[in-house]
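**Q** The structure under discussion is supplied below as structure tokens; questions concerning it will follow.
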Amino acid sequence: MLPALMHIAWLPEAILGSGILVTVLVGALCQKRWAVYQCAVGFVVISLAAVLSIQTTAQLGLNGHWLFDDMAQLLKAASAISVLCVLLYSQRTVESDPQLHHEYMILILSALLGAYVVISAMHMLTLFVGFELMSLPLYALVAIRSKATDTASTAAVEAALKYFITGALASACLLYGLSLIFGATGHMHLMHVMTALAHLPLSQHHGAVLGLIFVIVALAFKLGLVPFHVWVPDVYEGAPMSVTLLIATLPKIALIALCVRLFGVIAASMADVWQPILIGLGVLSMVLGNGAALCQTHVRRLLGYSAIGHMGVLILAFVLAQQHGLSIAVFYVLTYALTTALIFGGLLQLRVQGGHCEQMQELSGLNHVYPGQAGLLLLGIFSLAGVPPIVGFMAKFSLIQGLIRAQYTTLAIIVVLMACVACFYYIRLIKVLYFDQSEGGALMHWAPVAGQWCLRLHGVAVLALGLMPAALMKLCESSVLHLV
């Protein structure tokens, strides 16, 4: 019985969907957040085990609407691990915040299920359903503290409205783009769309081009690329910090899977259309994201603008339009998600004056009070900055090397210059951690034992992957080797 289950391509989604129903029942009958929390963590772990145990021979399921291949396995595992980090790092927050009821865990599981669907979808309708299933819980999570009596509730309402409106625009663009591509090709299955696009008559070419542009706009909204980035800093600041961690990692991992299939397989024959668009989006995002981050004093807004810059770097990997470029994109998003989770995990384990550390100065002298915590944050900052031998350096170095080999020398120079600009605001943050005077016991370490050990292992993983990146890079290369 068990070996037979391991051949079901949609087994992780079935487990997670059942887990959501069970978690709803536990929340309704038990009314204890700790029980709901344990249930959510348990089903995430079970779904992760199911993802890792399925044989990855490019299995198609549900009449060809579903695909489970090496890339789906890798990115679903990364998605589950990112959600597990969110739950483990927010354990103390769940216990102490009266606004985070059992709906918090249910919405997180729903967003993970949506990410799974986006990663495996091979049909336009399935893709759109997964896109919405991932997005709608995130809108609710941003606004989950809107009824609180503290000043953060106003920021939560503003962030939720901005995120919902821009997210609705992204959904509309995606749906309209997919409908135009369907009208031009006559197919909704993505592999049939690929074949039709490669042999498209000139009379139908303009409709397909316009549809592809709308799909790229939708992806740019969700990834926070300039000029569709307006929601990023406000949502990063206004959402609960654990929700910010979720938004900073989960959607990016899922959408990169869609980008790999779109630019690497489905629309590969239309590279002359989308390559200039991606170059423009990438350069604008790097310049504005890193430039705006220079003047930020709010930690989460700084990380939000930093995310815009990093997504600009990431999107340039698809310009290479080769297997090497696709593997670089997957490697970059995994290292970025790993590093971002480490930084937010470290911030979630600190408290100042009863709340999370929001302003940069609130972290003053952290090294003098909690040197271990400061060291873990330093690892994350070095990785985002691309300092060797941390894993973030290998991601940027691989991309720059790929751009130079593909004769995009100007783009490579821009990436290097923007990395130098980014070092300025990362150094400011390091200065506050290590060289500013502490505020006399204002900082408090605030984490359960499970969260502390998870963060330590997290830091070891970031350092180890920087020292020995070959294993992860080889995994990323093999994941895009036989794309369907």
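The values are calculated or read from the model by the stated rules, or taken from the named source; none is laboratory data. What you see is a predicted model, and the numbers here were worked out from it, not measured in a lab. Note that we place each Cβ from the backbone using ideal geometry, even for glycine, and neighbour counts take in every protein chain shown.
**Q** Go through (1) part of a helix (DSSP H, G or I); (2) in contact (Cβ under 8 Å) with a residue 40 or more places away in the chain for Gly42 and report which single condition fails.
**A** (2)
**Q** Residue check, Ile430 against (1) touching a Leu at 6+ places or on another chain (Cβ under 8 Å); (2) in contact (Cβ under 8 Å) with a residue 60 or more places away in the chain; (3) not small (Gly, Ala, Ser), all met but one. Which one?
**A** Tallying (1) touching a Leu at 6+ places or on another chain (Cβ under 8 Å); (2) in contact (Cβ under 8 Å) with a residue 60 or more places away in the chain; (3) not small (Gly, Ala, Ser), Ile430 fails exactly one: (2).
**Q** Something else: Name every residue in the stretch 82-120 that is over 19 Å from Ser18 (Cα atoms), at pLDDT 90 or above and small (Gly, Ala, Ser), in order of residue number.
**A** Once the filter is applied, which keeps residues that are over 19 Å from Ser18 (Cα atoms), at pLDDT 90 or above and small (Gly, Ala, Ser), the stretch 82-120 yields only Ser82.
**Q** Let me confirm something: among Leu175, Leu133, which residue is modelled with pLDDT of 85 or more, in a helix (DSSP H, G or I) and farther than 22 Å from Lys76 by Cβ? Even if it seems obvious, please write down each step before you answer.
**A** On the way: Leu133 fails: farther than 22 Å from Lys76 by Cβ.
Answer to the selection: Leu175.
**Q** Consider only pairs whose beta carbons are under 7 Å apart and that are at least six residues apart or on different chains; among these, list those whose first residue lies in the stretch 200-222 and is farther than 17 Å from Gly130 by Cα and whose second residue is at pLDDT below 85 and surrounded by fewer than 20 Cβ atoms within 10 Å (Cβ to Cβ).
**A** Ala208/Leu200
**Q** Does any residue of the stretch 216-231 turn out to be touching a Leu at 6+ places or on another chain (Cβ under 8 Å), farther than 26 Å from Val157 by Cβ and in a helix (DSSP H, G or I)?
**A** yes
**Q** Go through the residues of the stretch 240-252 one by one and say whether even a single one is farther than 28 Å from Glu158 by Cα and among the polar types (S, T, N, Q).
**A** Looking through the stretch 240-252, none of the residues is farther than 28 Å from Glu158 by Cα and among the polar types (S, T, N, Q).
**Q** Would you confirm, using the coordinates I've provided, whether Leu52 is assigned to a helix (DSSP H, G or I), of a type in the set (A, V, I, L, M, F, W, C), out of contact with any Ser or Thr (no Cβ under 6 Å at 6 or more places or on another chain) and crowded, with 17+ Cβ neighbours inside 10 Å? Give the steps one after another, and end with the answer.
**A** Working: assigned to a helix (DSSP H, G or I): yes; of a type in the set (A, V, I, L, M, F, W, C): yes; out of contact with any Ser or Thr (no Cβ under 6 Å at 6 or more places or on another chain): yes; crowded, with 17+ Cβ neighbours inside 10 Å: no.
Against the criterion (assigned to a helix (DSSP H, G or I), of a type in the set (A, V, I, L, M, F, W, C), out of contact with any Ser or Thr (no Cβ under 6 Å at 6 or more places or on another chain) and crowded, with 17+ Cβ neighbours inside 10 Å), Leu52 does not qualify.
**Q** Filter the stretch 426-484 for residues that are more than 23 Å from Pro371 (Cβ to Cβ) and among the hydroxyl-bearing types (Ser, Thr, Tyr); which is surrounded by the fewest Cβ atoms within 10 Å (Cβ to Cβ)?
**A** Among those residues, the one meeting the criterion is Ser478.
**Q** Here's something else I'd like to know. So, Val243, is that one buried (at least 20 other Cβ atoms within 10 Å of the Cβ), within 17 Å of the chain's Cα centre (by Cα) and not basic (Lys, Arg) or not?
**A** Yes.
**Q** Additional query: Just checking, how many residues over the stretch 166-199 are free of Cβ contacts under 8 Å to residues at least 60 places away in the same chain and aliphatic (A, V, I, L, M)?
**A** 11
**Q** In the list Ile213, Ile165, which residue meets the criterion of being farther than 30 Å from Val86 by Cα, within 26 Å of the chain's Cα centre (by Cα) and of a type in the set (Val, Ile, Thr)?
**A** Of Ile213, Ile165, the one residue that is farther than 30 Å from Val86 by Cα, within 26 Å of the chain's Cα centre (by Cα) and of a type in the set (Val, Ile, Thr) is Ile213.
**Q** So if I check each of Val243, Val260, Val265, which one is assigned to a helix (DSSP H, G or I), over 22 Å from His199 (Cα atoms) and modelled with pLDDT under 95?
**A** From the options Val243, Val260, Val265, the qualifying one is Val243.
**Q** Scan the stretch 75-112 for residues that are surrounded by fewer than 23 Cβ atoms within 10 Å (Cβ to Cβ) and closer than 30 Å to His192 by Cα and jot them down.
**A** Once the filter is applied, which keeps residues that are surrounded by fewer than 23 Cβ atoms within 10 Å (Cβ to Cβ) and closer than 30 Å to His192 by Cα, the stretch 75-112 yields Ala77, Ser110.
**Q** Which one of these does Asn63 not meet: (1) at positive phi; (2) part of a helix (DSSP H, G or I)?
**A** Going through (1) at positive phi; (2) part of a helix (DSSP H, G or I) one by one, Asn63 breaks only (2).
**Q** Also, quick follow-up: Out of the stretch 382-391, which residues are part of a loop (DSSP other than H, G, I, E, B) and either under 20 Å from Ile308 (Cα atoms) or among the hydrophobic types (A, V, I, L, M, F, W, C) (or both)? Even if it seems obvious, please write down each step before you answer.
**A** In the first step, residues of the stretch 382-391 are kept if they are part of a loop (DSSP other than H, G, I, E, B); the result is 386-390.
Residues satisfying the conditions are Gly386, Val387, Ile390.
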